[in-house]
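Taking it in order: structure first as structure tokens, then the write-up.
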Amino acid sequence: MPELIEIEAYRRLAEEAALDREIVDVVAPDAWWLKGGLTAEILRDALLGRRFTAARRIGKRLLLPTDGDGPLLGLRFGMTGRLLVDGAAGVDQLQYSSNRDVAAWDRLAVRFAGGGDLRVRDPRRLGGAELDPDEARLGPDATTLGPAGLRRALHGSRAPLKARLMDQARISGLGNLLVDEALFQAGLDPAREAGSLADTELRRLHRAMRRTLGDLTARGGSHTGETGPARRPEGVCPRDGTPMVRRTIGGRTTWSCPRHQR
DNA sequence: ATTGTGGCCTGCCCGC
DNA sequence: TGCGGGCAGGCCACAA
């Protein structure tokens, strides 16, 4: 599914290929996909004649400001959304989603002068588009979060560590796979109380988070972690061979090693 | 305020 | 062979 790593790839694609092109048409056939009172007509009127001036990202949200006094287009991708510019995808493979090319799954198309477009293809319709989203509702981005920021995000919380790490209002960008991988690398039990981490554990988690983001970006996505193959029945810990444990934590399927994650 | 739960959505996979 | 149930999880509304 798209997490921070995939959205960053989308951002880069948009930055390289979708900026400074005049918008001549907007197609948004799925009312459900438009959030915050947005309609196809409002969106169209707001974007026609304008150009995207930048491609920013906060966590899993892609932000496309427009020129003049135009609005900012905010895009969420849910778990199956893909970004395409001129038909080229920002990410080749998306786990848990279909990679088939089905035009009926296009929830938004922004067409540019001279041909070509920016499109979001989202089979399960869990993403959405919004104008001028409230950015203050998002916590600091996981890629820029320092050890002190991580401590602040976890401090005093009695929620499970994993739930807190996935809370986009505290830290933005981490989803199910990235969090499981980072906790695996850090040797921490996802069910631990978030506020219970000692200083050494906090630093270990911070390092693991940074390393996980770097490694998985280099390897090609959130699904390429060391724990990937172990996320199945009969799966064993790639580090010590212990049978992996499957639980629901923070409402999400969670795989962890009962031996070295404590 | 904080934490937990259920539901949305639908393609895909497995078992019968 | 076709069918139906379960599964995947980001996000939000709502409850306690």
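Miscellaneous remarks
- Filter pass, A:Thr248 being in the same structural domain as A:Ala191 (by TED's automatic domain parsing) and outside any helix (DSSP H, G or I): yes
- Hits in the range A:164-191 (condition: outside any helix (DSSP H, G or I), buried (at least 18 other Cβ atoms within 10 Å of the Cβ) and within 13 Å of DNA strand B (Cβ to nearest atom)): A:Arg170, A:Ile171, A:Pro190
- Test for A:Val26: is it within 16 Å of DNA strand B (Cβ to nearest atom) and crowded, with 19+ Cβ neighbours inside 10 Å: no
- Counting the residues of the range A:234-256 that are among the β-branched types (Val, Ile, Thr) and within 16 Å of DNA strand B (Cβ to nearest atom) gives 4.
- Matching residues in the range A:214-262 - criterion: being among the hydroxyl-bearing types (Ser, Thr, Tyr) and touching a residue at least 12 places away in the same chain (Cβ under 8 Å): A:Thr217, A:Ser222, A:Thr227, A:Thr242, A:Thr253, A:Thr254, A:Ser256
- The strands (runs of 3 or more DSSP E) found entirely in the range A:44-150 that carry 1 or more residues being surrounded by 20 or more Cβ atoms within 10 Å (Cβ to Cβ) and more than 18 Å from the chain's Cα centre (by Cα) are A:82-85, A:106-112, A:117-121.
- Looking across A:Arg207, A:Arg231, A:Arg259, one residue alone is touching an Asp or Glu at 6+ places or on another chain (Cβ under 9 Å), more than 16 Å from DNA strand B (Cβ to nearest atom) and not small (Gly, Ala, Ser). It is A:Arg259.
The values are calculated or read from the model by the stated rules, or taken from the named source; none is laboratory data. From a predicted model like this one, the values you see are computed outputs, not experimental measurements. Cβ: placed from backbone, ideal geometry, glycine included. Neighbour counts: every protein chain shown.
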